[in-house]
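This report refers to the structure that appears directly beneath it.
The values are calculated or read from the model by the stated rules, or taken from the named source; none is laboratory data. Because the structure is predicted, anything quoted here is derived from the model rather than measured. We place every Cβ from the backbone using ideal geometry, glycine too, and count neighbours over all the protein chains shown.
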Amino acid sequence: MIFDPDNWAEIFSVINKNKLRTFLTGFSISWGIFMFCILLASGNGLRNGVTSNFSGQSMNSIDFWGRSTSMPYEGFPDQRRIKLDQNDFDLIKEQIPEAEDVSGMIQTNVSVNYGTYNTNCRFSGVYPVYAKISGLTIKNNGGRFIGDADMRETRKVAVINNRLQKVLFQDADPIGKLFLAGGIGYTVIGVYQSDFDERDDASAFIPFTTAQMVYNGGWNMGDIIFTAKGLNTLEKNDAFQKRLREKLAVLHVYDPKDDRAIGMWAAVEAYLRFVGIFSGISAFIWIIGSGTLIAGVISVSNIMLITVRERTREFGIRKALGAKPSSILGSILMESAFITSIFGYFGMFLGIGLGELVNSALENSEKLSQMSKIFKNPTVDVGVAVGAMCILVAAGIVAGYYPAMKAIKISAVEAMREK
């Protein structure tokens, strides 16, 4: 039946007689699958952009720093500044069983220069394990990060970012070169990769022990950052942070309920909240996308109802001449499947093509490179798009089935009486 030339000739004859109606029906189908693909591509682009910003980080890292108390406690006034030191570092290492890698941090701003080039730079004294905790990566052929020997010998070495490299060294290879920071010489041992080169300020990492010695840090620390195992849900993370704050409150003698005394940021918390938000967005996109597909199915159903009604007399004549009900049913379903498939494929092609075009523009255009940090790879899985189109075709066949069954159940005499 599918390959019967007479059936296809009949289908094309019907389509040719109703060009406008067929076009409008097909347009609604194409628009439905096109918008479905665009909505999915947009949702994927947002999700990929946000998750890519977490890709280089350890999802179980926690960073905390001292702030000011907001309430008096045991004779101490409010607005008392909390300063982290070696005792906090030891607390994490010795009293927090979930803690794995731990690094202190001392930060200071210094004026740096190399030859005639100079700028202000943020120096951060860290432990070698900091690169693992933060997900920091060294550029290809960009040297290395701080090592244990640098810490032991308090070496004056620095790992700089792209921004500082461009300002001080221009296009020259900075590895092994000596630059001055506040009159003290530092040798560049590495250049680390940054996803936000143009917006980043000049910055560099130096050994924690060097920062202690050179910048009078002593045992004070601006931040302590560490990784903690087992914190894979918001509930576990919240319980852990509450317990950690209680221990810090005992150490620094402030009210355990004073959450403002210690600033704290957990990567897993931010990540899980983003995942929750985008799960909601994805559900919304699927609902709207499904709605556009349903609109296309309704359009097909309506057009088939009209088509069958207009051809009822024709069906009666064909039945009177001996045509089998199955042949009549088959021709109607073939017409429905044909229209749905052709226009559905066209809409899918445009939707996927537009997503690929936008993705190519984001990857190849320097002006749009920053946008790719929040909107990345807005493409649609071809399997999902094809699956949606198959569902649409199947729904179109079902939409044509019921009016067709109604038509073939009418007796030939009644059918021929239809006007």
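State which residue pairs qualify: first residue of a type in the set (D, E, K, R) and inside the stretch 101-119, second residue surrounded by fewer than 20 Cβ atoms within 10 Å (Cβ to Cβ) in any location, beta carbons under 6 Å apart, and separation of 6 or more residues or different chains.
D101/V129; D101/K132
Every residue, every condition in (1) in a helix (DSSP H, G or I); (2) at pLDDT below 90; (3) surrounded by 13 or more Cβ atoms within 10 Å (Cβ to Cβ), yes or no:
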position: D195; (1), (2), (3): no, yes, yes
position: D200; (1), (2), (3): no, yes, yes
position: F205; (1), (2), (3): no, no, yes
position: A211; (1), (2), (3): yes, no, yes
position: N216; (1), (2), (3): no, yes, no
position: F226; (1), (2), (3): no, no, yes
position: N237; (1), (2), (3): yes, yes, yes
position: R245; (1), (2), (3): yes, no, yes
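Could you check the stretch 274-305 and list, in sequence order, the residues that are aliphatic (A, V, I, L, M), closer than 15 Å to P403 by Cα, out of contact with any Pro (no Cβ under 9 Å at 6 or more places or on another chain) and surrounded by fewer than 19 Cβ atoms within 10 Å (Cβ to Cβ)?
I298
Please specify each residue of the stretch 106-160 satisfying the condition of being small (G, A, S), part of a strand (DSSP E or B) and buried (at least 17 other Cβ atoms within 10 Å of the Cβ).
Hits for the stretch 106-160 are S124, G125, G142, G143, A158.
Cβ contacts < 6 Å: first residue modelled with pLDDT of 70 or more, restricted to the stretch 301-323; second residue hydroxyl-bearing (S, T, Y) and assigned to a helix (DSSP H, G or I), any location; separation 6+ or different chain. Result?
I303/T25; M304/S336
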